[in-house]
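Student: After the structure tokens below, expect a handful of questions from me.
Just so it is clear, none of the values below were taken in a lab; they were calculated from the coordinates. This structure is a prediction, so every number in the text was calculated from the model and none was measured. Glycine also receives a Cβ, built like all others from the backbone with ideal geometry; neighbour counts cover every protein chain displayed.
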Amino acid sequence: MRSPRPSDREVVDARPGPRLTSSGQRLEERSAGAVVFRRESGSPRYLLLKYPAGHWDLPKGNIEKGEEPIQTMLREVREETGLVDLRVVPAFQHKIEYFYRREGRKVHKTVVFFLAETFTPKVTISFEHRDYGWFDFAEAIKTVTYPNARRLLREAEAFVDRGKPTVPMRAD
């Protein structure tokens, strides 16, 4: 796996302070999220959220004490979008890493992403977001802000194209 480049993420997360652990001089943060898609006329459409800082990204959030990454993903997608009918693609699990600064300190963030299908087109965004959209693959690639999210979308599209089976999981 390649090392994350600072240019992959430069925006400071606008959420309340995460659970951080110290590793020498830098802080560590762990999160989980999902590439969420639904089918419209047989074609996948991907969910992107617009954050207050203006960037478009995938739903994700901090892993709470005692949670497994998949539990975090289900909780965060529910909290940020209102979606509870997710069907997870079991073979898809990708990790990204990047650095950002919080209160002048360097934070190393690791995010585990899953691929999840929903059948619900209506999204109810949380206070953490300004907008959302369901985008076809080409639109999603153009709209998403960060290169690592584009890579995830490409990997997800390859899985969706191969018709990988999904497993139902409820977030309520």
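Student: Restricting the first residue to segment 119-147 and requiring it to be free of Cβ contacts under 8 Å to residues at least 60 places away in the same chain and among the polar types (S, T, N, Q), which pairs with a second residue that is crowded, with 17+ Cβ neighbours inside 10 Å and not in a loop (DSSP other than H, G, I, E, B) meet a Cβ separation below 7 Å and a spacing of at least six or different chains?
Tutor: THR124/THR81; SER126/GLU80
Student: Check every one of the strands (runs of 3 or more DSSP E) wholly within segment 16-115 and list those with 2 or more residues that are of a type in the set (A, V, I, L, M, F, W, C) and closer than 25 Å to GLU155 by Cα.
Tutor: 26-40, 43-50, 87-102
Student: With the requirement that a residue be of a type in the set (Lys, Arg) and under 11 Å from the mean Cα position of the chain (by Cα), what does segment 91-127 give you?
Tutor: Scanning segment 91-127 gives a single hit, LYS95.
Student: Taking only pairs six or more apart or across chains, which ones have beta-carbon atoms under 6 Å, a first residue in segment 98-116 that is touching a residue at least 12 places away in the same chain (Cβ under 8 Å) and surrounded by 20 or more Cβ atoms within 10 Å (Cβ to Cβ), and a second residue that is aliphatic (A, V, I, L, M) and not in a strand (DSSP E or B)?
Tutor: PHE113/LEU152; PHE114/MET73; LEU115/ALA156; ALA116/LEU86
Student: Looking only at segment 31-53, count every residue that is over 19 Å from VAL111 (Cα atoms) and touching a residue at least 12 places away in the same chain (Cβ under 8 Å) and tell me the total.
Tutor: Residues flagged as over 19 Å from VAL111 (Cα atoms) and touching a residue at least 12 places away in the same chain (Cβ under 8 Å) within segment 31-53 amount to 8.
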